[in-house]
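*Asks:* After the structure tokens below, expect a handful of questions from me.
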Amino acid sequence: MNRTFIPAPAVIREIIRENDRISTFRLEITDKTIPFTFHPGQFLMISVPHCGEAAISISSSPYTLPLIDLSIMRTGELTTAIHAMKEGTQLGIRGPFGTVFPM
Ligand SMILES: Cc1cc2nc3c(=O)[nH]c(=O)nc-3n(C[C@H](O)[C@H](O)[C@H](O)COP(=O)(O)OP(=O)(O)OC[C@H]3O[C@@H](n4cnc5c(N)ncnc54)[C@H](O)[C@@H]3O)c2cc1C
């Protein structure tokens, strides 16, 4: 995704509850004209209106694109806002960023 500073819209397709504080949010980038790929070990910046951004690692494989899994622990304002979201809600994502694992 060659848009370092512009969040791309992504919709929550599925929410998988892992435990009381962690859920996996399965996202899909809705604008198919935005090319997106990543490597294991990279993270995204997730933006939520009125909350800001937080770094979240991608917990799925590149082979499952265009679906992207983010396993998020409820800690502060932004992650609590994400945990209150339902399937179909739209988020902003920037990235990927970070050093990749040599798989
Ligand atoms: C490269 C990178 C990758 C990350 N990947 C993930 C990921 O895959 N999943 C994920 O859930 N988080 C991940 N994080 C952590 C996430 O970005 C932070 O937890 C973020 O600050 C949450 O934003 P918030 O507004 O909800 O909480 P904040 O308002 O920033 O924090 C609220 C309070 O909770 C405390 N806090 C914040 N995070 C934690 C924590 N993890 N453990 C204990 N106390 C904490 C803070 O010290 C603060 O007191 C990653 C961070 C980085 C830098």
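The values are calculated or read from the model by the stated rules, or taken from the named source; none is laboratory data. Small disclaimer: the values here were computed from a predicted structure and weren't measured. All Cβ positions, even for glycine, are placed from backbone atoms using ideal geometry, and neighbour counts span all protein chains on display. For the accessible areas, the whole protein counts, side chains as well, though only heavy atoms, and no ligand, DNA or RNA atoms are used. Shrake-Rupley method; radii C 1.70, N 1.55, O 1.52, S 1.80 Å.
*Asks:* Taking into account only those residues within the stretch 68-80 that are part of a loop (DSSP other than H, G, I, E, B) and near the ligand (Cβ under 6 Å from one of its atoms), which is most open to solvent (accessible area, probe 1.4 Å)?
*Replies:* Residue satisfying both the conditions and the ranking: T75.
*Asks:* Got a sec? Which strands (runs of 3 or more DSSP E) wholly within the stretch 1-67 have at least 2 residues that are open to solvent by 30 Å² or more (accessible area, probe 1.4 Å), touching a residue at least 12 places away in the same chain (Cβ under 8 Å) and under 13 Å from I82 (Cβ atoms)?
*Replies:* Working: elements: 8-17, 22-29, 43-48, 52-57.
In the stretch 1-67, 22-29, 52-57 are the strands (runs of 3 or more DSSP E) which contain 2 or more residues that are open to solvent by 30 Å² or more (accessible area, probe 1.4 Å), touching a residue at least 12 places away in the same chain (Cβ under 8 Å) and under 13 Å from I82 (Cβ atoms).
*Asks:* Also, I was wondering about something else. Looking only at the stretch 91-103, count every residue that is within 14 Å of I34 (Cβ to Cβ) and either without any contact (Cβ under 8 Å) to a residue 24 or more places away in the chain or not hydrophobic (A, V, I, L, M, F, W, C) (or both) and tell me the total.
*Replies:* Result for the stretch 91-103: 4.
*Asks:* Looking at this structure, is D20 within 14 Å of the ligand (Cβ to nearest atom) and of a type in the set (D, E)?
*Replies:* It is true that D20 is within 14 Å of the ligand (Cβ to nearest atom) and of a type in the set (D, E).
*Asks:* Next question, about the same structure. Go through the stretch 54-67 and count every residue that is closer than 19 Å to M103 by Cα and more than 6 Å from the ligand (Cβ to nearest atom).
*Replies:* To start, the set of residues in the stretch 54-67 that are closer than 19 Å to M103 by Cα comprises 57-65.
Cutting the leftovers down to more than 6 Å from the ligand (Cβ to nearest atom) gives us 58-65.
Looking only at that region, the number is 8.
*Asks:* Here are the criteria: (1) closer than 24 Å to D20 by Cα; (2) among the small types (G, A, S); (3) in contact (Cβ under 8 Å) with a residue 40 or more places away in the chain. Tell me which single one A81 does not satisfy.
*Replies:* Failed condition: (3).
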